[in-house]
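Colleague: Right, I'll just put the structure down here and ask away after.
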Amino acid sequence: MSGVETRPSVRDDHGPTGEAHDENARSILRFISTAEFSFQTAMHRLALLRLPDMPPDIGSKERLAFLHSYLDRDQDLAVRALGGLVGFLLKQSVAGVSGKGEI
């Protein structure tokens, strides 16, 4: 969706690691539809993921079992958050994430 830019930071203090803040840094706030975080949408996205250590000839049922070994399906918020993150990364065309859902 659309991004909202904030005004430049005017802080000149140092962060917790002692690094100076960039006075011209800008933050971008993006609004994402709640539909992107639905449980069904998240599970669908996660079921399409192709992870590096996943066997190449894995079937759909085995793929779900494989994913459940990493992520407890009963953790509703974790599933929704991860599905929303994957969706955001796919839409932003982040390096390492292809349009096919492969990481």
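The values are calculated or read from the model by the stated rules, or taken from the named source; none is laboratory data. Owing to the predicted nature of the structure, the values given are computational and were not obtained by experimental measurement. Reconstructed Cβ throughout: ideal geometry from the backbone, glycine too, with neighbour counts over all protein chains shown. Surface accessibility is based on the protein's heavy atoms, side chains included, excluding ligands, DNA and RNA. Shrake-Rupley method; radii C 1.70, N 1.55, O 1.52, S 1.80 Å.
Colleague: With a 10 Å radius around each residue's Cβ, average the other Cβ atoms per peptide and rank 51-58, 76-83, 30-37, highest first.
Modeller: 76-83, 30-37, 51-58
Colleague: Take Arg26, Arg50 and sort them by solvent-accessible surface of the protein heavy atoms, 1.4 Å probe, largest at the top.
Modeller: Order by accessible area, largest first: Arg26, Arg50.
Colleague: Separate question: Take the alpha-carbon positions of the stretch 25-73, form their convex hull, and give its projected area averaged over all directions (one quarter of the hull surface) in nm².
Modeller: Its Cα hull, projected and averaged over all orientations, spans 5.3 nm².
Colleague: Then there is this: If R0 is 41 Å, what FRET efficiency do you get for Glu62 and Arg26 from their C-beta distance, rounded to 0.05?
Modeller: For Glu62 and Arg26, the calculated efficiency is 0.35.
Colleague: Over the heavy atoms of His44, what accessible area does a 1.4 Å probe trace out, to the nearest 10 Å²?
Modeller: 110
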